[in-house]
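Scroll down for the structure; my scribbles are underneath it.
The values are calculated or read from the model by the stated rules, or taken from the named source; none is laboratory data. Here the structure is a predicted model, which means the values were calculated and not measured. Please note that ligands, DNA and RNA were not included when accessible areas were found on the heavy atoms of the full protein model with its side chains. Shrake-Rupley method; radii C 1.70, N 1.55, O 1.52, S 1.80 Å.
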Amino acid sequence: MNTTRISRSSTVALLVGCVLTVVSAIAVYGSQTNSGITAHVRAGYPSFTQDRIDAATDIYLTYLIVLGVLGTLGWLTTLWVARRNASWARLLATGLWIVATGIALLDLTVRDTSGDTALPAIVGWTGLAPCVAGLVAVVLLWRRTSERKETLR
């Protein structure tokens, strides 16, 4: 088992990503974002009744909160693993970053039956913020290993 400790900068990047994920999830329930999703659904589906708009908004909010919870668990798990085994953490962080970035890009670009994006752009862009921290963390985790191999040669 590899007991190499991760660098301080890797830990900071992982913590920043976790905080950004939590803030993004909390912002979903903020009045501006919530009304933004409602207004977005209303604009895309003008024939919907208020009950259908509310139901669609609830589905989007539930989806985004579940993503936020899963993302936070991913960050905390990666941090926990990284503090115990840096080589396994690299693989975990890379895999989670690929999945999270794919979901964030999908949230930003997917179109619904109205022809507009399914979520307001601000929600999509907010979902990409933790992915930037994730990329930094992945690079730092892999760089740390590369530097260590160089010093062993």
Candidate span helices, the chain: DSSP H, at least 27 Å along axis from Cα coords, Kyte-Doolittle average at least 1.0, result 8-28, 86-109
Roll a 1.4 angstrom probe over the protein heavy atoms and tell me the percent of accessible area of region 1-131 that is carbon or sulfur. 69
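Would you mind working out the accessible area per residue for the chain, using a 1.4 Å probe, and quoting it in Å²?
Values: 9030 Å² over 153 residues.
In whole numbers, the chain has 59 Å² accessible per residue.
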